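Working notes, structure below.
Read the figures in this text as sums done on the coordinates, not as results from a lab. In this text the structure is predicted, and so the values were computed from the model without any measurement. For neighbour counting, all protein chains shown are included, and Cβ atoms are generated from backbone atoms with ideal geometry for every residue, glycine included.
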């Protein structure tokens, strides 16, 4: 089993599309490490639509190529035309990228990124008293909302059938996520 570090973004119906993508990822992979959802301006494209972005870690035995194929299918189901040669510079309902993979869980791959949307999500982990996270966004997941001030573990496998969002400090969150996968 490998840890896969993902970036998710949307600038067409972003609240709806990211919520649906997070639900689908939770149903497919179980517990997720989800960093704050942030609003960012488009990079390297001309658009008037801001993006909602987040970073996610999933634990899976799938090889990166099979995982990317699964993510491409999710993008297409959300309405993205993956056959368009200019798709990288157009508005998109969903974009899921595998940033890297690792045999151990750490936030280091996210901290090492130079992509503005990655940096915005990582910077939103800073406690609100140290730096207000004015670009964080709450997404409704059933009756629970992602507060955006902390990372969250999402578990869709508890008895009620709803998605449970557990917010915590990042250190205990990493420990909890590792413990969930070591069972």
*Does residue 29 satisfy being within 20 Å of residue 88 (Cβ to Cβ) and under 14 Å from the mean Cα position of the chain (by Cα)?*
no
*Within segment 32-50, identify whether any single residue is in contact with a strand residue (DSSP E or B) (Cβ under 7 Å, 6 or more places away or on another chain) and within 13 Å of residue 98 (Cβ to Cβ), and answer yes or no.*
no
